[in-house]
Amino acid sequence: MPPIKKEINPDLCTGCSACTVSCPVAQAAPEFPGPKIAGPVSERFRLSGVAGAERISYCSNCKNCDIACPRGVPVSLMTMAALNGQDNGIRPSLNNLILANGPAMARVAGIFPHFLVKFAMESRLSRLILDGLGIDKRSPLPVFAGEYFPDVFKKRKKFKSDKKVVLFSGCFINFYDPETGTDFVDILEKAGYEVILPEGLVCCGLPMAANGFAGKAAKNAAVNYGILKKYCGEGIPVTALCPSCALMLTREYGEMFPEAVSGEPLAVADACSFIASLMEKGELEAREGNIGGMSFIYHAPCHLRAAGDGLPGYELLKRLAGDAVKNASAGCCGIAGSYGFKKGKYEIGIKVGRALFDEVKKSGASLAVSECGTCRVQITGGTGVRAAHPVSVVKKFTVLSGFTR
Amino acid sequence: MNGKIYDNIVIGAGMAGLLNAVFSASSGKSVKLITAGAGSLTIGSGLIDLLGYSTVGGILKDPFDGFSTLEAGHPYLKCGRAAIDKAVRAFLDICDKRGFPYLPANGCRFVPTAMGRLKPSFLVPPSMDMESLRGAETVYVAGVDGMKDFSPEIICGAFSSMEYFKCKRFEPLSVSLPELGAAGFGSMEAARFMDSEEGCSAFIDRLKGKINTGCGMIIPPILGSKPGLWVYERVKSELNAEICESAVIPPAVTGYRLRSMLMGFLGDLGVELAENARVISAEVKNGRCISVSTAGPGGVKSHRADNFTVASGGFYGGGLTSAAGRVWESVFGLPVKTPDGWASADFSERQNYSGFGVSVNDRLNACDILGKPVYENVYFAGRIIAGADSPYEHSGNGVALATSYLAASLL
């Protein structure tokens, strides 16, 4: 049984090359044959039992190919399926194993006192060891938080309400950035919503699928789908802070693992899209507060663009901060989840992100804003400019008032 | 339900959709652009053909001369000459304003193609105008070693035997850019290399000494991938030669430049963009469209507007859907008239299907057989409209320009 089940007709592709022209990796790395060759062209060979193009592991799964395709060909899905070894025997390496299993690493780190974890993760020695394991020592590896988000949330004073919302917080918020999770919960409670963080949710599975462990990702998909489907069925909205988690939970579960997620696809609202809907319903009022001369440069994560719902976070910021926010419109940041941390891929990631870094620096903005956690890490790594999720900007720089509390 | 009601929701990001969004947003309208795919301008030539060939045969020296021979129902006849003139001026103004000027309208302008033909076009960037080579006695056709889909010998062979060029000498030439690899790269890779200082000087240095001062050159479209003329100007002045980029098969770089320019302008105009979003249905009431819906991760979402502009393309872009014996418009399910004989067995013959589309009135609303508009606040622009056969008459992008401008001006 192949780990990613796919029934894709590669002949939907007419070979127009819009994907390859739009591929950030193909621009930065001539080694990569580009999405047209890696995806539909090679797929025709793979379906006939002949090996497709080599070096398709250069694909970062940023999905700009899917965004560009005029015919709706699932280009990145074909490449991902091939990378999961079903056709050409590509085997994941050690760095894939580490990067695919963030939660396991976080659990190990959680045993030790935080100062030790921080020291160990930032020390040159451990970066050299990781480098030996295939995680580039120059990459902007984030440090585990002192207290993980689910624990922070458990300690919070319970807020009870008839209005409920489920939060799929995701690994980045859980283990590296609990503050953003707390900012979002604060906003939701202000609007009178009780936030549910369901027990038993696991990593969405995207890092696993992207690193060659689609079998494990399928198991996670079944677990998350089972839990979240219940809430969707009861009409309780599900939200996510990370665009990649949202894309995986909704569209990609169905595309990759139709057997693990039988039934209706999940509906998972982007956090900012949900905030905007609260404002429209009159459950939350947000007004421009004192931004104290701050200016913001917004970066649209590729997976948010691929989701097909526009840029709700950017539109929300424009409503609240007006001209103080500018869209960088400079394409992929280059990190693509775990891609830009890998040895041999780090340089490509930096090259891809250069246009964005230049735009961020040129803007003179005091804060970069983006929904994706690893995009934020990459932007700060490439520019030195701090970065935050739009919900944190909404929380800190606007005057919020709820109507039911 | 998204609460905001836009002045104009544009469906499609090809030439017609991008221009309609730009035209309507520049006149102060709130605009949202919804698109599935980057649009074929990404890989196209970016040339605006108005009318290259008369329907009664032959190349038109002035495209407007051919209007009298257009068949009834042609989109140009719906727009009228005055609106087309205004559309052309508006387009050229935008190009000037964004630092990527196209040459003024001046009848037919020829562009060389990689197949060694002269393509009649209308609005052309300076780097593609064959006229610039008029004074040159020797024209070098310079390719890049190992580049796909561009053979100087084919072009030299074809042009040398053309009456049009009888006083010129064509010579093939090859430039080596090993930085791009030994083979397998196309003009886009070369153009991106030329964006860099390293690439631009390498190209110039390796041509110096190989060509005579004051000569002409035909090259693949490699003078930078970005919207602007600085690479063109620099190469021209340092080589002291007139240069003409040819039209090539996709990805053609030159359309990519124009698209980048228009996308940048849309961002500055505050147009909201939803990419990778396919419109799956429309809500209509009392002869008006209320909203269109897309499917996103949060479920189906409807987008409301006072006006909608459908620039969703033809069969290729997904604006038209077909089944055996039947064609319909994809968003509203409007029926499309299909004359007998969709296709001709002879490839070089006129193909009926390339003129299939939505029948519109002179306000670009879809209309029924009596000419009554179906939805009065829904406008159609570009390839989706019936009656233009762009491969046959060479009106590609011209219909998009004229109809996207008219639709925007009717809001």
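The values are calculated or read from the model by the stated rules, or taken from the named source; none is laboratory data. Quantities reported herein were computed from a predicted structural model and do not represent experimental measurements. So basically every Cβ, Gly included, is an ideal-geometry build from the backbone, and we count neighbours across all protein chains shown. Accessible surface is based on the protein model in full, side chains and every heavy atom, while ligands, DNA and RNA are left aside. Shrake-Rupley method; radii C 1.70, N 1.55, O 1.52, S 1.80 Å.
State all residues of the range B:60-80 that are open to solvent by 30 Å² or more (accessible area, probe 1.4 Å) and either within 14 Å of chain A (Cβ to nearest Cβ) or at positive phi (or both); if no residue qualifies, say none.
Within the range B:60-80, B:73 is the sole residue that qualifies.
Mind checking whether some residue in the range A:87-100 is more than 25 Å from residue A:202 (Cα to Cα), among the hydroxyl-bearing types (Ser, Thr, Tyr) and outside the structural domain of residue A:47 (by TED's automatic domain parsing)?
The answer is no; no qualifying residue exists.
Would you be able to say whether some residue in the range B:234-241 is open to solvent by less than 20 Å² (accessible area, probe 1.4 Å), part of a helix (DSSP H, G or I) and farther than 26 Å from residue B:207 by Cα?
Step one: list which residues in the range B:234-241 are open to solvent by less than 20 Å² (accessible area, probe 1.4 Å), which gives B:235, B:239, B:241.
From what's left, part of a helix (DSSP H, G or I): B:235, B:239.
Then keep just the ones that are farther than 26 Å from residue B:207 by Cα; that gives none.
Looking for residues that are open to solvent by less than 20 Å² (accessible area, probe 1.4 Å), part of a helix (DSSP H, G or I) and farther than 26 Å from residue B:207 by Cα, one finds none in the range B:234-241, hence no.
Exactly one condition in (1) hydroxyl-bearing (Ser, Thr, Tyr); (2) crowded, with 18+ Cβ neighbours inside 10 Å; (3) part of a loop (DSSP other than H, G, I, E, B) is not met by residue A:161; state its number.
(2)
Grab the helices (runs of 4 or more DSSP H) fully contained in the range B:148-233, keeping just those with 2 or more residues being more than 19 Å from residue B:253 (Cβ to Cβ).
Passing ranges, in order: B:152-160, B:197-207.
Scan the range B:387-411 for residues that are without any contact (Cβ under 8 Å) to a residue 60 or more places away in the chain and either part of a loop (DSSP other than H, G, I, E, B) or of a type in the set (Phe, Trp, Tyr) (or both) and jot them down.
Selection gives B:389, B:410.
Filter the range A:130-155 down to the residues that are out of contact with any Ser or Thr (no Cβ under 9 Å at 6 or more places or on another chain) and more than 21 Å from residue A:97 (Cα to Cα) and list them by number.
Scanning the range A:130-155 gives A:145, A:146, A:147, A:148, A:151, A:154, A:155.
For the range A:185-290, give me every one of the strands (runs of 3 or more DSSP E) that falls completely inside it and has 3 or more residues that are in contact (Cβ under 8 Å) with a residue 12 or more places away in the chain and within 10 Å of chain B (Cβ to nearest Cβ).
So the answer is A:238-240, A:268-270.
If I ask for residues that are within 18 Å of residue A:21 (Cβ to Cβ), away from chain B (no Cβ under 12 Å) and of a type in the set (Val, Ile, Thr), which ones from the range A:36-55 would you list?
Within the range A:36-55, A:41 is the sole residue that qualifies.
Rundown of residues vs (1) at pLDDT below 95; (2) crowded, with 24+ Cβ neighbours inside 10 Å; (3) out of contact with any Cys (no Cβ under 9 Å at 6 or more places or on another chain); (4) away from chain A (no Cβ under 13 Å), yes/no style:
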| residue | (1), (2), (3), (4) |
| --- | --- |
| B:5 | no, no, yes, no |
| B:14 | no, yes, yes, no |
| B:21 | no, yes, yes, yes |
| B:39 | yes, yes, yes, no |
| B:95 | no, no, yes, yes |
| B:98 | no, no, yes, yes |
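Select from the range B:395-410 the residues that are surrounded by fewer than 24 Cβ atoms within 10 Å (Cβ to Cβ) and either at pLDDT 95 or above or of a type in the set (Ser, Thr, Tyr) (or both) and list them in ascending order.
Residues satisfying the conditions are B:409, B:410.
Given A:102, A:110, which one is within 23 Å of the chain's Cα centre (by Cα) and in contact (Cβ under 8 Å) with a residue 40 or more places away in the chain?
One residue alone meets the criteria, A:102.
When you scan the range A:256-272, how many residues do you find that are out of contact with any strand residue (DSSP E or B) (no Cβ under 8 Å at 6 or more places or on another chain), buried (at least 18 other Cβ atoms within 10 Å of the Cβ) and not aromatic (Phe, Trp, Tyr)? Break it down stepwise before answering.
Of the residues in the range A:256-272, the ones out of contact with any strand residue (DSSP E or B) (no Cβ under 8 Å at 6 or more places or on another chain) are A:256-265, A:272.
Narrowing the set further to residues that are buried (at least 18 other Cβ atoms within 10 Å of the Cβ) leaves A:256-257, A:260-261, A:265, A:272.
With not aromatic (Phe, Trp, Tyr) added as a condition, the list becomes A:256, A:260-261, A:265, A:272.
Going through the range A:256-272 one residue at a time, the tally reaches 5.
Can you tell me which residue is farthest from the other protein chains (Cβ to nearest Cβ) among those in the range B:46-59 that are open to solvent by less than 30 Å² (accessible area, probe 1.4 Å) and in a loop (DSSP other than H, G, I, E, B)?
This residue is B:54.
When the residues of the range A:293-329 are filtered to those that are under 17 Å from residue A:375 (Cβ atoms) and of a type in the set (Ser, Thr, Tyr), which remaining residue is nearest to the other protein chains (Cβ to nearest Cβ)?
A:329
Out of the range A:322-336, which residues are out of contact with any helix residue (DSSP H, G or I) (no Cβ under 6 Å at 6 or more places or on another chain) and surrounded by 23 or more Cβ atoms within 10 Å (Cβ to Cβ)?
Across the range A:322-336, the qualifying residue is only A:336.
Sort through B:258, B:273, B:266 and tell me the only one that's within 25 Å of residue A:326 (Cα to Cα), away from every other protein chain (no Cβ under 12 Å) and buried (at least 19 other Cβ atoms within 10 Å of the Cβ). Step through it out loud before you land on a result.
Numbers: B:273 fails: away from every other protein chain (no Cβ under 12 Å); B:266 fails: away from every other protein chain (no Cβ under 12 Å).
Result of the check over B:258, B:273, B:266: B:258.
So which residues in the range B:23-34 are in a helix (DSSP H, G or I), open to solvent by 10 Å² or more (accessible area, probe 1.4 Å) and in contact with a Ser or Thr (Cβ under 9 Å, 6 or more places away or on another chain)?
Scanning the range B:23-34 gives a single hit, B:23.
In the list A:193, A:176, which residue meets the criterion of being among the hydroxyl-bearing types (Ser, Thr, Tyr) and open to solvent by 20 Å² or more (accessible area, probe 1.4 Å)?
Answer to the selection: A:176.
Six or more apart or on different chains, Cβ atoms under 7 Å: show the pairs whose first residue is in the range B:183-196 and assigned by TED's automatic domain parsing to the domain that holds residue B:229 and touching a residue at least 60 places away in the same chain (Cβ under 8 Å) and whose second is of a type in the set (Val, Ile, Thr) and open to solvent by less than 10 Å² (accessible area, probe 1.4 Å).
B:187/B:222; B:187/B:253; B:188/A:21; B:188/B:253; B:191/B:222; B:191/B:253
Would you confirm whether or not the range A:109-127 contains a residue that is open to solvent by 40 Å² or more (accessible area, probe 1.4 Å), part of a helix (DSSP H, G or I) and under 20 Å from residue A:210 (Cα atoms)?
No; the residues of the range A:109-127 include none that is open to solvent by 40 Å² or more (accessible area, probe 1.4 Å), part of a helix (DSSP H, G or I) and under 20 Å from residue A:210 (Cα atoms).
Within the range A:337-355, can you find the residues that are over 15 Å from residue A:372 (Cα atoms), open to solvent by less than 40 Å² (accessible area, probe 1.4 Å) and not in a loop (DSSP other than H, G, I, E, B)?
Listed by number, the residues that qualify are A:341, A:342, A:346, A:348, A:349, A:350, A:352.
Inside the range B:351-386, can you point out the residues that are open to solvent by 80 Å² or more (accessible area, probe 1.4 Å) and assigned to a loop (DSSP other than H, G, I, E, B)?
B:362, B:363, B:369, B:370, B:372, B:376
Kindly provide the set of residues from the range B:323-365 that are within 22 Å of residue A:69 (Cα to Cα), more than 14 Å from chain A (Cβ to nearest Cβ) and hydroxyl-bearing (Ser, Thr, Tyr), ordered by number.
Passing the criteria: only B:354.
Check residue A:365 against each of (1) assigned to a helix (DSSP H, G or I); (2) at pLDDT 95 or above and name the one condition it does not meet.
Tallying (1) assigned to a helix (DSSP H, G or I); (2) at pLDDT 95 or above, residue A:365 fails exactly one: (1).
Test of understanding: among B:55, B:69, which residue is β-branched (Val, Ile, Thr) and closer than 25 Å to residue B:366 by Cβ? Steps first, answer last, please.
On the way: B:69 fails: closer than 25 Å to residue B:366 by Cβ.
B:55 is the lone residue from the list that is β-branched (Val, Ile, Thr) and closer than 25 Å to residue B:366 by Cβ.
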